[in-house]
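In what follows, a single structure is set out as structure tokens and then discussed.
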Amino acid sequence: MNNLFVFCELDEGRPADVSLELLTRGRSLANTLGCRLEAVILGSGLDGIENELYPYGVDVVHVGDDPVLEHYRTMPYTSVITGLFRQEQPQIALMGATSTGRDLGPRVSSALHSGLTADCTSLEIGDHYVKKTDTTYKNLLYQIRPAFGGNIIATIINPDHRPQMATVREGVMKRETVNKNYRGELKKIDVAAFIRPEDLAVEIIERHMEARKVDIKSAQIIVSGGYGVGSKENFALLYELASVLGGEVAASRAAVDAGYAGHERQVGQTGVTVRPKLYIACGISGQIQHTAGMNQSGKIIAINNDPMAPINSIADYVITGDVAEVVPKLIKYYKANAR
Amino acid sequence: MNGIKIVVLAKQVPDTRNVGPDAMKADGTVNRSVLPAIFNPEDLNALEQALRIKEQYEGVTVTLLTMGPVRAAEIIREGLYRGADDGVLLTDRAFAGSDTLATSYALALAVRRLAPDLVIGGRQAIDGDTAQVGPQVAEKLGWPQVTYAEEMHFEGERLIIRRRLERGVETVSAPLPMVVTVNGTAPACRYRNARLVMKYKYARTDTELQAESADYIAASRPLMKITEWGVDAIGADTEQLGLSGSPTKVKEIENVILQSKESRRLTSADKDIESLVRELLENHTIG
């Protein structure tokens with residue numbers, strides 16, 4: 001009872017990266033709390049899936065294996081998860097801030113009347129003192145996220161309601177196994193006991209899932225563009241530089257919103273978190289929502305017209321100038337000097 | 001689906017593209033009064049979906065529902081100019097400081113009073129990006145939800161909805177009543193209609209009317225009323241609203257201070273760029 005739960009998603013039949021990242025973080029939080037780490041995974045034909053989760057230090061894997069759960073649907077998944085949580089009373093429940101997690105999380109939190117914080121960039125354990133009632137809440141989950149225009153970092157807590165729920169984007173937490181021989185306990189969920197007939201009202205007619213085309217998360221060199229790149233044409237220069245350097249192109253949210261790049265390339269709080277060897281930020285001002293997703297890069301080059309752009313303060317090299325002028329020069333001198 | 005009643009959930013949001021340093025109050029809530037306020041973009045996509053259904057079938061009504069300060073009546077007028085039939089403003093001091101759960105509690109009560117067949121809202125609001133209120137309203141109503149919609153149409157009595165997911169597209173079929181949240185990838189909302197602007201230009205809530213001078217009101221014909229509801233109108237329990245009704249609390253707000261690295265400053269001159277490239281090659285960052 002009162003353990004830390006991670007809702008694990010499947011990605012083409014395997015546990016999704018974001019879920020394994022959350023298990024990694026969940027393990028260390030559970031160690032701090034002195035509680036167990038439990039995983040929940042739902043789907044169909046999941047024989048042996050628990051063995052892929054145990055190495056992350058998972059003490060209990062709850063498996064809900066039923067044809068009705070083959071593809072994610074809001075209502076049956078919500079009924080199973082809320083039913084299980086009512087039974088198990090987790091103190092903390094984490095899920096990926098994915099299409100699935102962002103659909104399921106709020107529905108579950110509403111059903112259980114518990115608070116949910118979206119898109120956390122950091123999760124910690126700490127206490128909270130309320131002066132008015134002279135009460136100290138021990139060992140709360142600090143749900144930390146940039147808020148409101150990126151001017152602030154907010155720490156959100158849920159003192160009185162359980163589970164304390166949070167979603168986290170892919171790539172924010174590091175993924176690390178504890179021990180490949182770690183063995184937990186398998187618990188099968190009695191799916192039929194939780195699902196009501198009306199949960200099946202929404203039917204899936206068609207699904208077209210695409211394999212991941214762009215993987216900026218594992219790129220060693222990233223050439224990233226912001227709104228300051230100015231046009232889709234100028235963005236083509238970034239692709240050229242990335243291809244010459246053997247890297248990938250990424251973008252800030254403003255550039256994605258402006259249609260310069262697809263969402264799958266977005267770096268930042270509401271995109272992907274990356275840790276490349278080299279991050280070249282072109283025409284990116286550097287709001288916290290963006291820097292939260294790239295400030296752990298090995299080296300950062302900022303190319304910006306504005307000598308006062310916030311990105312400059314975290315950059316190793318600041319080039320004050322036009323993206324359209326600087327990027328072709330980088331290409332030219334790389335070609336001239338590289339062996 | 002002739003004769004159905006649609007409620008569109010909309011929010012007036014601070015334009016987060018224009019945020020100044022005084023945007024936050026000391027208690028960690030947003031100081032809305034100093035920010036330009038706009039119709040939340042994805043709620044406009046939602047309104048467009050509702051208006052398309054209205055055009056296609058007989059006797060469909062579209063009601064805009066928003067919760068916020070008196071000023072939020074602006075987006076109801078904006079909706080009326082584009083083709084909504086009427087609007088309801090949920091406004092009360094007791095709503096202030098509500099998190100997503102307390103907000104969805106109030107909205108669900110108002111939806112219940114309006115008794116629609118279909119609720120459509122934007123996927124998320126740009127001031128929080130949480131995407132929680134739509135699903136939470138659906139849960140409070142006990143209705144199915146379909147999120148991230150980009151196209152929808154009726155086949156018989158069921159709505160066929162195409163959803164845009166991170167890695168693909170899914171089409172689902174769902175019965176009414178239900179809640180749909182619409183993605184920014186859905187068609188943009190139509191523009192204001194000049195005839196509707198003339199008709200609704202002076203649509204006002206009661207509170208707005210009290211605040212405006214009698215002369216102005218006398219000159220404003222035709223005068224239309226925008227419904228204004230407080231806590232009593234929806235029968236809400238104030239314990240479940242505002243800060244007290246919100247499970248999530250803001251513990252701490254930190255101003256962002258970026259830790260300055262010692263950065264090397266370069267110009268776009270050829271010699272600067274070339275020496276940078278050489279340095280990166282030498283220390284094996286590239287190449």
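The values are calculated or read from the model by the stated rules, or taken from the named source; none is laboratory data. Nothing here was measured: the structure is a model prediction, and the numbers come from that model. Note that each Cβ is placed from the backbone with ideal geometry, even for glycine, and that neighbours are counted across all protein chains shown. Calculation scope for accessible area: heavy atoms of the full protein, side chains included, ligands and nucleic acids excluded. Shrake-Rupley method; radii C 1.70, N 1.55, O 1.52, S 1.80 Å.
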| said: It is to be established whether one or more residues within the stretch A:323-336 are within 22 Å of the chain's Cα centre (by Cα) and within 17 Å of A:L241 (Cβ to Cβ). | reply: no
| query | Among the strands (runs of 3 or more DSSP E) confined wholly to the stretch B:32-114, which include 2 or more residues that are open to solvent by 10 Å² or more (accessible area, probe 1.4 Å) and touching a strand residue (DSSP E or B) at 6+ places or on another chain (Cβ under 8 Å)? | reply | B:37-39, B:61-67
| Which one of these is over 30 Å from A:T78 (Cα atoms), of a type in the set (V, I, T) and either open to solvent by 30 Å² or more (accessible area, probe 1.4 Å) or assigned by TED's automatic domain parsing to the domain that holds A:L10 (or both): A:V223, A:V244, A:V274? | A:V244
| message | Condition first: buried (at least 20 other Cβ atoms within 10 Å of the Cβ), over 11 Å from A:E38 (Cβ atoms) and more than 14 Å from every other protein chain (Cβ to nearest Cβ). Now tell me which residues in the stretch A:67-92 satisfy that. | response | A:L69, A:V80
| note | Reported set for the stretch A:293-308 where residues are among the aliphatic types (A, V, I, L, M), more than 10 Å from chain B (Cβ to nearest Cβ) and surrounded by 22 or more Cβ atoms within 10 Å (Cβ to Cβ) is A:M294
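Table: residues versus (1) away from every other protein chain (no Cβ under 11 Å); (2) surrounded by fewer than 24 Cβ atoms within 10 Å (Cβ to Cβ); (3) closer than 30 Å to A:V68 by Cα.
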residue: A:H113; (1), (2), (3): no, yes, yes
residue: A:I125; (1), (2), (3): yes, yes, no
residue: A:T133; (1), (2), (3): yes, yes, no
residue: A:V168; (1), (2), (3): yes, no, yes
residue: A:L186; (1), (2), (3): yes, yes, yes
residue: A:F194; (1), (2), (3): yes, yes, yes
| task | Would you be able to tell me the number of residues in the stretch A:205-215 that are modelled with pLDDT of 90 or more and either in the same structural domain as A:Q266 (by TED's automatic domain parsing) or aliphatic (A, V, I, L, M) (or both)? | result | 1
| field | Which numbered condition A:Q143 misses (of (1) of a type outside the set (A, V, I, L, M); (2) open to solvent by less than 30 Å² (accessible area, probe 1.4 Å); (3) more than 7 Å from chain B (Cβ to nearest Cβ); (4) in a loop (DSSP other than H, G, I, E, B)) | value | (4)
| Failed item in (1) surrounded by 24 or more Cβ atoms within 10 Å (Cβ to Cβ); (2) more than 7 Å from chain B (Cβ to nearest Cβ); (3) within 20 Å of B:L101 (Cβ to Cβ), with A:N158 passing the rest | (2)
| query | Looking at the stretch B:255-272, is at least one residue surrounded by 13 or more Cβ atoms within 10 Å (Cβ to Cβ), facing another protein chain (nearest Cβ under 10 Å) and within 30 Å of the chain's Cα centre (by Cα)? | reply | yes
| said: So for the stretch A:229-243 (the condition being among the aromatic types (F, W, Y), touching a Phe, Trp or Tyr at 6+ places or on another chain (Cβ under 7 Å) and away from chain B (no Cβ under 11 Å)), does at least one residue qualify? | reply: yes
| Of (1) part of a strand (DSSP E or B); (2) out of contact with any His (no Cβ under 8 Å at 6 or more places or on another chain); (3) within 12 Å of another protein chain (Cβ to nearest Cβ), B:E228 satisfies all except one. Which? | (3)
| note | Here the qualifying pairs (Cβ atoms under 9 Å; residues six or more apart or on different chains; first in the stretch A:17-41 and over 10 Å from A:F5 (Cβ atoms) and not assigned by TED's automatic domain parsing to the domain that holds A:Q164; second open to solvent by 10 Å² or more (accessible area, probe 1.4 Å) and part of a helix (DSSP H, G or I)) come out as none
| field | Residue check, A:L330 within 8 Å of chain B (Cβ to nearest Cβ), over 30 Å from B:R123 (Cα atoms) and crowded, with 21+ Cβ neighbours inside 10 Å | value | yes
| request: Select from the stretch B:233-251 the residues that are at the interface with another protein chain (Cβ under 10 Å from one of its Cβ atoms) and either without any contact (Cβ under 8 Å) to a residue 24 or more places away in the chain or aliphatic (A, V, I, L, M) (or both) and list them in ascending order. | output: B:K249, B:V250, B:K251
| query | For the stretch A:1-112, which fully contained helices (runs of 4 or more DSSP H) count at least 1 residues that are within 24 Å of A:R183 (Cβ to Cβ) and of a type in the set (A, V, I, L, M, F, W, C)? | reply | A:17-33, A:50-53, A:74-88
| field | Candidates A:E206, A:E198, filtered to the one that is within 13 Å of chain B (Cβ to nearest Cβ), in contact with a strand residue (DSSP E or B) (Cβ under 7 Å, 6 or more places away or on another chain), among the acidic types (D, E) and under 30 Å from B:L176 (Cβ atoms) | value | A:E206
